[in-house]
Amino acid sequence: MHARTLAAAALWCCAVAVHAAGPVEANQATEAQLDSVKGLGPATTARILAARAGAAFKDWNDLIARVPGIGASKAKKLSAEGLTVNGAAFGVPRQAEPSAAAAGSVQPASEP
């Protein structure tokens, strides 16, 4: 009986770990990780990997332009299932690096 309890606990832990795996980064994910995203099958995963082999995706628009079969609608669904591009969800603009002026390093005024 104790062995069954341990086995059940181990299965539960594995299920929780898979469910709580977090986002899947399109530029770093393995084939298996991409396949785990609901909405991605083997064919689309292969197209993502082939497009990524040339260069990393800059953003979602770049992924959409380079991977046949993924448009804005599918990108939105994949993003909702956990796929990210450079850490960003689809439709959420990435924050640009702050400029020197915005960061507070303003040059002192020159003396007359």
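The values are calculated or read from the model by the stated rules, or taken from the named source; none is laboratory data. In this text the structure is predicted, and so the values were computed from the model without any measurement. Here Cβ is always computed from backbone atoms with ideal geometry, including for glycine, and neighbour counts include all displayed protein chains.
For L34, are the conditions met, namely being under 14 Å from N86 (Cβ atoms) and surrounded by 19 or more Cβ atoms within 10 Å (Cβ to Cβ)?
Working: under 14 Å from N86 (Cβ atoms): no; surrounded by 19 or more Cβ atoms within 10 Å (Cβ to Cβ): yes.
When the stated conditions are applied, L34 does not pass them.
Of everything in the range 59-68 that's of a type outside the set (A, V, I, L, M) and assigned to a loop (DSSP other than H, G, I, E, B), which residue is surrounded by the fewest Cβ atoms within 10 Å (Cβ to Cβ)? Explain how you work it out, then say what you get.
Residues of the range 59-68 of a type outside the set (A, V, I, L, M): 59-62, 66, 68.
Next, only the ones that are assigned to a loop (DSSP other than H, G, I, E, B) stay: 59, 68.
Numbers: D59: 14, P68: 12.
Applying the filter and picking the extreme gives P68.
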Task: Conditions (1) more than 21 Å from R52 (Cβ to Cβ); (2) at pLDDT 95 or above: number failed by S79 - done: (1)
TODO: Please state which of the following conditions V18 fails to meet, knowing it meets all the rest: (1) modelled with pLDDT under 95; (2) within 24 Å of G91 (Cα to Cα).
DONE: (2)
Task: Test result for F90, within 11 Å of A26 (Cβ to Cβ), at pLDDT 95 or above, in contact with a Ser or Thr (Cβ under 6 Å, 6 or more places away or on another chain) and assigned to a loop (DSSP other than H, G, I, E, B) - done: yes
